[in-house]
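Below is one structure; the comments refer to it alone.
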Amino acid sequence: MPVTQDIVATYRGPGRVMRRLLSMGQREDRAIAIVMAGCAVIFVAQLPRLAREAHLTGEELNPMLGASLLAWVFIAPLMLYALAALSHLVARLLGGRGSWFDARLALFWAVLASSPLMLLNGLVAGFIGPGPALSFVGLLWLAIFGWFWARCLWVAERPQTSVGAGV
């Protein structure tokens, strides 16, 4: 299934999509591609906000873009790897039985699947600016991301069962 259809399907049932991704086997190249795609989309989402900020303050746009690129495409994936490891350790303490890869995939998929809302957040930040609309869209993204991550991590850390697993 194309990744865009998986993203849409995640909004209907993140557990089903996560189970399907996990059934494809442990391939680190797929996990890296997912996290890099999510971070790239989030970087692109920052462009309207950065352009607005540069225009209003008179700062040069290129250094702001470079800093955002460095942060989102190079540093954020490393931080997400660390966060996934921490979430796996916490899940282990609570009885989780998944692997390190499963926890990484759960977090990385939550980032990519919620990234369309980051695009909306970037548009609101760029065209409307700070205010209630930006706060609402930011909270909406946070809630959706949290839901995706929690649900995907729940599926990833559960003992794998055979046919008939629920959503």
Listed by first then second residue, the pairs whose first member lies in the range 13-28 and is open to solvent by 60 Å² or more (accessible area, probe 1.4 Å), whose partner is assigned to a loop (DSSP other than H, G, I, E, B), with beta carbons under 8 Å and at least 6 positions apart or on separate chains, are R16/V167; R20/M1; Q26/S99
| query | Does at least one position in the range 126-133 carry a residue that is buried (at least 20 other Cβ atoms within 10 Å of the Cβ) and either touching a residue at least 40 places away in the same chain (Cβ under 8 Å) or more than 15 Å from the chain's Cα centre (by Cα) (or both)? | reply | no
| message | Quick check on the range 101-111. Is at least one of its residues open to solvent by 10 Å² or more (accessible area, probe 1.4 Å), charged (D, E, K, R) and over 19 Å from the mean Cα position of the chain (by Cα)? | response | no
Per the list (1) surrounded by 14 or more Cβ atoms within 10 Å (Cβ to Cβ); (2) at positive phi, residue check on L153 breaks on (2)
Condition set open to solvent by 40 Å² or more (accessible area, probe 1.4 Å) and of a type in the set (F, W, Y), scope the range 41-98, selection nearest to E28 (Cα to Cα): answer is Y81
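Identify, please: which residue in the range 134-144 is of a type in the set (A, V, I, L, M, F, W, C) and over 24 Å from L65 (Cβ atoms) and is, among those, least open to solvent (accessible area, probe 1.4 Å)? Outline the logic, then answer.
Step one: list which residues in the range 134-144 are of a type in the set (A, V, I, L, M, F, W, C), which gives 134, 136-137, 139-144.
Within this subset, residues satisfying the condition of being over 24 Å from L65 (Cβ atoms) are 136, 139-140, 142-144.
Details: F136: 136, L139: 115, L140: 65, L142: 96, A143: 62, I144: 33 Å².
Of everything passing the filter in the range 134-144, I144 is least open to solvent (accessible area, probe 1.4 Å).
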Result of the Cβ filter at 7 Å on the range 139-167, keeping first residues that are closer than 19 Å to D102 by Cβ and among the small types (G, A, S) and partners that are open to solvent by 70 Å² or more (accessible area, probe 1.4 Å) and modelled with pLDDT under 95, at least 6 apart or interchain, is none
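The values are calculated or read from the model by the stated rules, or taken from the named source; none is laboratory data. This structure is a prediction, so every number in the text was calculated from the model and none was measured. All Cβ positions, glycine included, derive from the backbone under ideal geometry; neighbour counts span all protein chains shown. Surface areas here come from the heavy atoms of the whole protein model, side chains and all, with no ligands, DNA or RNA. Shrake-Rupley method; radii C 1.70, N 1.55, O 1.52, S 1.80 Å.
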